[in-house]
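What follows is a single structure, written as structure tokens, with notes after it.
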Amino acid sequence: MNKVRIIHGPNLNFTGIREKDFYGSEFLDDINKRILERAEELSFDAECYQSNSEGDIINYIQSCYYEGVEAIIINPGAYTHYSYAIRDCIASVSIPTVEVHLSNIHQREEFRHTSVIAPVCKGQLCGFGSYGYLLALDAVNEILINQQ
Ligand code: DQA
């Protein structure tokens, strides 16, 4: 079973509470439930993780390396726009990574248009709400099939 880890960054535990026009009204637990259901259909060994701390996210990504995780899906929240530390960490583990955003970051404030994470990811999905995570699982499936 391919190990896939889904990482939600800062404030994403407030999904369903915060700015619903951008992030929807579903709570993170419900989103994670749908992610895990789809992951099971794809026969992935999946785990969802959320942290509001940059260092904890880095430690978790490094633990993915030691656990032999095959793919990562990450919504880095606001860290997307300035965390060179998370970017370096993703680059260092060489695990195929897909970036996801609930909102379309390119339609919003200028500072959100830049992702310092995107250059070290296979691709970026944004603007599809929580469905983006399911699309990301399908993308991971495709990446892993093509790697064989
Ligand atoms: C977000 C977009 C970011 O700009 C923002 O800081 C978030 C959520 C999204 O999922 O749309 O916290 O990553």
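Taking the criterion of being open to solvent by 50 Å² or more (accessible area, probe 1.4 Å) and under 17 Å from ASN13 (Cβ atoms), the residues of region 41-52 that qualify are GLU47, TYR49, GLN50, ASN52. Consider region 15-40 and keep the residues that are open to solvent by less than 90 Å² (accessible area, probe 1.4 Å) and of a type in the set (Lys, Arg). The one that is nearest to SER130 (Cα to Cα) is ARG34.
Scan the helices (runs of 4 or more DSSP H) fully inside region 54-148 and keep the ones with 3 or more residues being near the ligand (Cβ under 10 Å from one of its atoms), in contact with a strand residue (DSSP E or B) (Cβ under 9 Å, 6 or more places away or on another chain) and open to solvent by 40 Å² or more (accessible area, probe 1.4 Å). Even if it seems obvious, please write down each step before you answer.
Numbers: elements: 54-67, 84-93, 131-147.
Once the helices (runs of 4 or more DSSP H) in region 54-148 are filtered for at least 3 residues that are near the ligand (Cβ under 10 Å from one of its atoms), in contact with a strand residue (DSSP E or B) (Cβ under 9 Å, 6 or more places away or on another chain) and open to solvent by 40 Å² or more (accessible area, probe 1.4 Å), nothing remains.
A count restricted to region 26-45 and to residues that are of a type in the set (A, V, I, L, M) and touching a residue at least 60 places away in the same chain (Cβ under 8 Å) stands at 4. Whenever a residue of region 69-85 is more than 12 Å from THR114 (Cα to Cα) and touching a residue at least 40 places away in the same chain (Cβ under 8 Å), its partners that are open to solvent by 30 Å² or more (accessible area, probe 1.4 Å) and near the ligand (Cβ under 8 Å from one of its atoms), lying with C-beta atoms within less than 8 angstrom and at least six residues away or across chains, give the pairs GLY77/ASN11.
Residue count for region 1-26 satisfying the condition of being part of a loop (DSSP other than H, G, I, E, B) and under 14 Å from the mean Cα position of the chain (by Cα): 3.
Pairing each residue of region 3-25 that is over 26 Å from TYR60 (Cα atoms) with any residue that is near the ligand (Cβ under 8 Å from one of its atoms), provided the two are 6+ apart or on different chains, yields C-beta distances under 6 Å for PHE22/SER103.
The values are calculated or read from the model by the stated rules, or taken from the named source; none is laboratory data. Please read these numbers as outputs of a predicted model, since none were measured by experiment. Cβ coordinates were reconstructed from backbone atoms using ideal geometry, including for glycine residues, and neighbour counts include every protein chain displayed. Just the protein is used for accessible areas: all its heavy atoms, side chains included, with ligands, DNA and RNA removed. Shrake-Rupley method; radii C 1.70, N 1.55, O 1.52, S 1.80 Å.
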